[in-house]
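Visitor: What follows is a structure written as structure tokens; I'll ask about it next.
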Amino acid sequence: MSLREKFTGTGIAVITPFYTEGTIDWESFGKLIEFWIKGKVEYLVVLGTTGESATIHGAEKQEVFSFVAEKVAGRLPLVAGIGGNDTAEVVDAFESFNLTGYDAILSVSPYYNKPNQEGIFQHYKALDAATPLPIIMYNVPGRTGQSVVAETQVRIANECKNIFATKEASGNFDLINQIIKNKPADFMVISGDDPITLPMIAAGAEGLISVVANAYPQDYSDMVRLCLQGKFKEATVLHSKYIDIIASMFAEGSPSGVKAYLAEMGLCKNTFRLPVWQVSEKHHQKIKELMKG
């Protein structure tokens, strides 16, 4: 199966479930994996931002990667979230983690340092040279503080042959259109922004890495498939159904919102590692009302 075949459609940026004391809830994690597979999504992204990767390190990170690979057992493609703002540290992580069972790496653009565009390009060039797997780059300026401009993304697409896709979460349609217009034919643009996935696919994106599909995998992956088939009228029904739900998932931070939904579904505890925290009680009540339809 080609990379395009593996990663066209819906991937989930999966949550990491915790017990109240903050240890990983492996039992719930296993149940969630079966729930996501039953929901017919195309792939899973492990230890991205939604998985609270900022508070999971070293041997524990390897334990998560290995656990998911063992439970999925080849039933879906897997993507490992390995990124950071120290290029050498990311390269070391590429070399040290056992990624057996994984098909690609998701690597966020450097945050906090705020490098210029040449620094961002050189960062990805170094990752391209060191990676054991194909890479999806990730532009999310709302979290990193700086956008990877279209020119830089197209340059990476042309010059870094192990980087085959971008997860685009800038929400900037001028930037998105410029990438889609100027990228190589085999380079994929993947939405990283649930609310605008339908128009992004209409513009030429090839799918989504979703937060919402943690809780609603069947409907959201169906919506994406309809879009990819050009059936936008049918897709709009599902898109519209989730507009308010999506807004509520991000209103007080993610993954705080989506874990509130999953907790109400009985799929995991509403528990996090600091500094992430639960949504307010008022907002949780709003979520309960939205879930009643």
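The values are calculated or read from the model by the stated rules, or taken from the named source; none is laboratory data. This structure is a prediction, so every number in the text was calculated from the model and none was measured. Neighbour counts are summed over all protein chains in view; Cβ atoms, including those assigned to glycine, are modelled from backbone coordinates with ideal geometry.
Visitor: What's the number of the condition residue 114 fails, among (1) part of a helix (DSSP H, G or I); (2) surrounded by fewer than 19 Cβ atoms within 10 Å (Cβ to Cβ); (3) without any contact (Cβ under 8 Å) to a residue 60 or more places away in the chain?
Guide: (1)
Visitor: Still on this model: Could you please let me know if residue 282 is at pLDDT 95 or above, more than 12 Å from residue 15 (Cα to Cα) and not aliphatic (A, V, I, L, M)?
Guide: Here the answer is yes, as residue 282 does meet what is asked.
Visitor: Same structure, new question: (1) within 27 Å of residue 235 (Cα to Cα); (2) modelled with pLDDT under 95: which one isn't true of residue 44, the others all being true?
Guide: (2)
Visitor: Please determine whether any residue of the stretch 160-183 is in contact (Cβ under 8 Å) with a residue 60 or more places away in the chain, out of contact with any Leu (no Cβ under 8 Å at 6 or more places or on another chain) and closer than 24 Å to residue 104 by Cα.
Guide: No; the residues of the stretch 160-183 include none that is in contact (Cβ under 8 Å) with a residue 60 or more places away in the chain, out of contact with any Leu (no Cβ under 8 Å at 6 or more places or on another chain) and closer than 24 Å to residue 104 by Cα.
Visitor: Same structure, new question: Look through the stretch 74-107, keep the residues that are among the aliphatic types (A, V, I, L, M) and over 20 Å from residue 9 (Cα atoms), and return whichever of them is nearest to the chain's Cα centre (by Cα).
Guide: 82
Visitor: Next up: Given the criterion in a loop (DSSP other than H, G, I, E, B), over 17 Å from the mean Cα position of the chain (by Cα) and not hydrophobic (A, V, I, L, M, F, W, C), identify the matching residue among 234, 289, 252.
Guide: Testing whether each residue is in a loop (DSSP other than H, G, I, E, B), over 17 Å from the mean Cα position of the chain (by Cα) and not hydrophobic (A, V, I, L, M, F, W, C) leaves just 252.
Visitor: Shifting gears a bit: Can you name the number of the only condition in (1) surrounded by fewer than 19 Cβ atoms within 10 Å (Cβ to Cβ); (2) touching a strand residue (DSSP E or B) at 6+ places or on another chain (Cβ under 9 Å); (3) closer than 26 Å to residue 182 by Cβ that residue 106 fails?
Guide: (1)
Visitor: Take the residues in the stretch 206-247 that are of a type in the set (Gly, Ala, Ser) and within 23 Å of residue 188 (Cβ to Cβ), then tell me which one is surrounded by the most Cβ atoms within 10 Å (Cβ to Cβ). Quick ask: steps written out before the conclusion?
Guide: So in the stretch 206-247, the residues of a type in the set (Gly, Ala, Ser) come out as 207, 210, 213, 215, 221, 230, 235, 240, 247.
Checking the rest, the ones that are also within 23 Å of residue 188 (Cβ to Cβ) come to 207, 210, 213, 221, 230, 235.
Details: 207: 27, 210: 29, 213: 26, 221: 24, 230: 11, 235: 22.
My answer is 210.
Visitor: Please enumerate the residues belonging to the stretch 158-172 that are more than 16 Å from residue 79 (Cβ to Cβ) and within 19 Å of the chain's Cα centre (by Cα). I'd like the intermediate steps shown before the answer.
Guide: Taking the stretch 158-172 and keeping what is more than 16 Å from residue 79 (Cβ to Cβ), we get 158-161, 170-172.
Correct list: 170, 171, 172.
Visitor: Return only the number of the condition from (1) surrounded by 19 or more Cβ atoms within 10 Å (Cβ to Cβ); (2) farther than 18 Å from residue 48 by Cβ; (3) not charged (D, E, K, R) that residue 182 does not satisfy.
Guide: (1)
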